[in-house]
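Please treat every number below as a calculation from the coordinates, not as lab data. Just so it is clear, the model here is predicted, and its values are computed rather than measured. Please note: Cβ atoms are built from the backbone with ideal geometry, for glycine as well, and neighbour counts cover all protein chains shown.
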Amino acid sequence: MHTTDRQYTPVVEDYLKAVWMLQQVESPVSTSRIAERLGLTAAAVTAMIKRLAEQGLLRHEPYYGVRLMAAGELAALRIIRRHRVLELFLVEKLGYEWDRVHDEAERLEHAASDELIERLARLMGEPDRDPHGSAIPTATGEVDTGPYPALCDLEPGDTRQVLEVQVQEADQLRYLGSLSLRPGARVQVVEKSPFEGPVSLSVNGAPAVISHSLAQRIRVREAPPADADANS
């Protein structure tokens with residue numbers, strides 16, 4: 001457990017979190033991608049990146065990109081842990097819908113102490129996934145980063161279980177929720193249209209159609225036997 005709470009400012013935490021999230025897709029991360037994610041100018045991001053590099057939180061190679069150092073990665077995982085534990089608490093204990101918790105957790109994550117987060121985690125039985133199925137880092141910075149295939153990578157006839165929905169847009173989450181496309185759902189690919197067209201699915205036995213771009217953002221894992229689902 002951490003003995004100190006506020007090591008870094010909220011602005012620094014937001015930068016480190018953004019770099020970590022982007023690193024899951026590309027590494028090193030370009031400053032333009034960081035600027036796009038945070039809604040800032042490239043000049044502002046470059047200035048902050050230099051300061052974070054001086055603090056030993058990341059390595060910056062001009063014209064190449066940014067990569068978190070060990071201290072920066074641990075700090076990023078701490079704030080991601082806070083965010084995801086808060087999201088789960090809002091859904092499980094306060095009855096929030098999964099499409100409303102991201103913005104709420106964004107507001108709370110910088111104010112919550114590590115002690116509060118650890119107490120919430122204990123209250124919920126030390127969970128390892130948030131409401132969207134994203135892995136919750138441990139207090140010591142360990143996290144399951146996969147790899148897990150995307151739903152769009154499956155072939156017609158393949159059956160899997162939804163693990164993670166990598167979507168933050170509230171309207172898209174509401175749509176997926178209306179189709180029961182949530183973590184734990186049993187999903188089978190029925191048909192894939194060519195040229196990145198729509199993907200036809202069976203979700204817990206019910207027909208559904210989603211776009212290829214949404215199917216790219218849904219991660220799946222091996223499904224338990226059908227009779228195990230029926231008995232659960």
Checking the stretch 29-93 for chymotrypsin sites (Phe, Trp or Tyr not before Pro) in a loop per DSSP with at most 11 other beta-carbon atoms within 10 Å yields TYR63, TYR64
By the DSSP-based rule, helices of the chain that are at least 20 Å long along the axis (C-alpha) and have a mean Kyte score of at least 0.5 are 70-92
Taking trypsin sites (Lys or Arg not before Pro) as exposed when in a DSSP loop with at most 12 other Cβ atoms inside 10 Å, the chain has its longest clean stretch at 94-232
Which residues qualify? For ARG129, with a placed amide H closer than 5 Å and at least 5 residues away or on another chain, they are ILE136
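Counting pairs of alpha carbon atoms under 8 Å apart in space and at least six apart in sequence, what relative contact order in percent does the chain give?
Computed over the chain, the figure is 15 percent.
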Straight-line reach check, LYS50, cutoff 20 Å on alpha carbons, 8 or more apart in-chain or any other chain, hits among lysines -> LYS17
Counting only residues 5 or more apart in sequence or on a different chain, those whose built amide H sits under 5 Å from that of GLY141 are none
